[in-house]
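Here, each number is a calculation from the coordinates, and none is a lab measurement. Because the structure is predicted, anything quoted here is derived from the model rather than measured.
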Amino acid sequence: MEDKEESMKKDDGGEDILSSIESSSKQTRIFKIIVIGDSNVGKTCLTFRFCGGKFPEKTEATIGVDFREKTVDVNGETIKLQLWDTAGQERFRKSMVQHYYRNVHAVVFVYDMTKMNTFEGMPTWIEECERHSLSPDIPRILVGNKCDMNQKISVATSLAQKFADANQMPLFETSAKDDNEVDNVSAIFMTLAHKLKSQKPMMSNDYPVLHKYGSKEMKRAKVISIGREPSSRSAVCSRSTATSDGTSCSC
């Protein structure tokens, strides 16, 4: 074997060949995260902010499934997070439901902090996960979006925290639109990435190919340590102030 490797090195480009062989033996692990919640709560904007680092200039209602992915480094290992964002209205996603819930590794439940009915709909989304046989052991996170609209907040943090505790989920309150919240949006998905790192990933042939439609200090999720499990089964997150320009989030 040593003679063979030495021979390859002597050939032109031999070092590149060995490097290629080594890299091919280390496949990037893939994890599927679904983002669910009612229409217009900002699911697409959250995934866009995490994957693209900015708020989308133009948004439209998701029809079917919106698919994005991002490669991240977790303790020296490169893993790929696939974010599946489904339409909130059943008539737009009915044909995709079976594929959507297949081989899921984590779930992000999203509600609009300015609309109580989107928060009250959370039990329905949890029940849908159960109907499609999602294991209760997979990581789950509850996210209240649009915290920048602080004058219109209708879902109190205490109420959301009580629900999160009852369902053994950490709670994040953030804004996909507010540029000051970019690290907090990333913390949501990176928290899941660290939890998923020790789990078995899905392989590329386990899911259908879909086409796309479409170092500040973190002030939120104070008790969450990104490098380890939270000290309790849920995390308390503080509410942020309005955006500096006084605008309100519409995502």
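How much length would be gained if the chain were fully extended between ASP137 and ASP165, taking 0.36 nm per residue of separation minus their Cα-Cα distance, in nm to one decimal?
Stretched fully, the ASP137-ASP165 segment lengthens by 8.6 nm.
Do any of LYS70/LYS197; LYS32/LYS152; LYS70/LYS162 go past 25 Å between their Cα atoms, and which?
LYS32/LYS152; LYS70/LYS162
Would you mind classifying the stretch 105-154 by shape? Square roots of the alpha carbon gyration tensor eigenvalues, ordered a ≥ b ≥ c; an a/c under 1.5 is rounded, otherwise it is prolate if a/b is larger than b/c and oblate if not. Mind showing how you got there, number by number?
Working: a/c = 4.87, a/b = 2.12, b/c = 2.30.
Here the stretch 105-154 falls in the oblate category.
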